[in-house]
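One structure is given below, encoded as structure tokens.
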């Protein structure tokens with residue numbers, strides 16, 4: 001998980017330079033979107049593997065695919081090829097993350113899972129602190145490609161260290177599913193790609209936008225209904241809303257975070273390294289929030305914690321445009337992101353704990369997969385909308401302060417909506433029998 005964290009933070013720092021070098025700023029959001037969309041397929045396949053035979057195969061194959069994608073990204077001569085390489089990385093990342101969640105479910109008792117998720121958040125701290133510095137320094141002193149060349153080398157250590165743990169907790173139910181879920185994952189990925197492609201079209205091509213969005217949602221919505229717990233799209237109480245809350249918060253926070261370094265570089269003249277440092281504070285805040293939630297017993301309902309954390313995230317995102325006010329220092333973004341990431345640290349582990357509380361053992365893999373699917377679909381849609389706003393600004397003469405303010409306020413409104421619906425994570429009380 002530390003490697004994925006380092007790579008994610010590093011790419012967030014290096015993306016402005018990658019977009020310029022490959023002449024692909026108009027496709028900026030696709031560098032993130034391709035990763036997220038492809039991870040959707042990896043998550044579903046991995047969830048099935050984990051329930052059937054254990055997490056070992058998912059973890060090892062995911063690592064191999066992740067490394068292959070990094071090599072392809074390092075060699076990419078154009079932005080479309082770079083985007084395809086990011087998709088390969090996403091496929092591997094999805095498999096790795098689901099395997100990690102299943103390992104937590106099997107290796108830790110219910111009362112210890114909040115602390116396990118806190119440790120998972122801690123894996124982001126060192127990458128979050130040094131990742132922007134290293135990625136910025138490599139980008140400015142050598143090339144952004146060096147960031148990707150390092151991934152296969154660094155990947156060897158966790159592959160070796162995890163061998164014993166994977167062997168110990170590799171049991172599965174032996175239950176085999178047909179290809180239905182995998183096909184639904186591919187359909188969801190196709191639909192999501194089409195939706196984002198429609199959002200990226202010039203606004204004067206309204207007919208093409210409508211057709212592409214219509215086809216995309218025709219693929220996406222039925223697939224999501226099959227891949228997520230019944231009632232998720234209707235925000236049914238308990239597990240369905242718990243799964244969807246992960247996606248709502250991911251869409252809000254990550255769509256805002258993705259464009260923060262670019263805004264600070266373009267609008268306030270910061271270097272790539274300095275702009276990326278705000279991601280460092282995000283890692284510290286995330287860990288802080290996660291440690292706070294780890295003090296809450298694992299068998300307690302987590303809906304109130306997620307409501308509070310969502311409000312904190314919303315307040316932070318509403319305040320983020322202050323970093324673009326000329327009379328204020330640009331690095332006011334750092335404490336703002338610190339506060340928002342504390343809210344995310346409260347919410348994400350709590351959502352994971354709630355999911356496991358409400359999941360039968362035989363469905364932990366499938367529901368862990370559903371949690372990540374919700375994250376992938378919603379964050380991709382959030383990035384797609386934000387990317388459409390940015391791409392329109394680029395083709396219309398260039399992004400301005402208003403471009404980024406629009407993106408961030410939209411993300412804040414979404415987080416506030418999450419705070420309103422998070423109370424539905426609480427399982428409905430059984431109707432008494434008379």
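Could you tell me the calculated FRET efficiency between residue 107 and residue 71, based on Cβ-Cβ distance and R0 = 35 angstrom, to the nearest 0.05?
On the way: r = 31 Å, r/R0 = 0.90.
Efficiency, from the Cβ-Cβ distance: 0.65.
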- Note on the structure: Mean-square fluctuation maximum in Gaussian network of the chain, Cα pairs under 10 Å, restricted to 154, 305, 413, hits 154
- Mean-square fluctuation maximum in Gaussian network of the chain, Cα pairs under 10 Å, restricted to 347, 323, 50, hits 323
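Hey, what's the Kirkwood Rh for the chain if you take every pair of different alpha carbons, in angstrom?
Values: mean 1/r = 0.0465 Å⁻¹.
When all Cα pairs of the chain are included, the Kirkwood radius is 21.5 Å.
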- Message: Going by Cα centres, segment 367-415 and segment 232-264 are how many Å apart?
- Response: 11 Å
- Item | 222 nm mean residue ellipticity, helices alone, for the chain (DSSP H n ≥ 4; -39,500 (n - 2.57); rounded to 500) | -26500 deg cm²/dmol
- Item | Top of 195, 394, 405 by mean-square fluctuation, Gaussian network on the chain, Cα under 10 Å | 394
- Item | Degrees separating the helix 2-21 axis from the principal Cα axis of the chain, which is the longest one | 30 degrees
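Mind running the shape call on segment 54-101? Use the C-alpha gyration tensor, a ≥ b ≥ c as the square roots of the eigenvalues: rounded below 1.5 for a/c, prolate if a/b tops b/c, oblate otherwise.
Values: a/c = 4.60, a/b = 2.70, b/c = 1.70.
Prolate shape, in that a/c is at least 1.5 and a/b is the bigger ratio.
R0 = 22 Å: FRET efficiency of residue 299 with residue 235, Cβ-based, nearest 0.05?
Values: r = 24 Å, r/R0 = 1.09.
The computed FRET efficiency comes out at 0.40.
Please give the FRET efficiency for residue 23 paired with residue 218, using the beta carbon to beta carbon distance and R0 = 45 Å, rounded to the nearest 0.05. Could the numbers behind the result be given before it?
Numbers: r = 33 Å, r/R0 = 0.74.
My answer for the efficiency is 0.85.
Taking a ≥ b ≥ c as the square roots of the Cα gyration tensor eigenvalues, with a/c under 1.5 meaning rounded and otherwise prolate when a/b beats b/c, else oblate, which class fits segment 335-422?
Details: a/c = 3.37, a/b = 1.98, b/c = 1.70.
Cα axes put segment 335-422 in the prolate bin.
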- Item | Net length gained if the chain between residue 325 and residue 405 were fully extended (0.36 nm per residue, minus Cα distance) | 27.7 nm
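Every read-out reported here was derived from the displayed coordinates using simple, explicitly stated rules and does not represent laboratory data. What you see is a predicted model, and the numbers here were worked out from it, not measured in a lab. Here the Cβ is made from the backbone with ideal geometry for all residues, glycine too, and neighbour counts use every protein chain on show.
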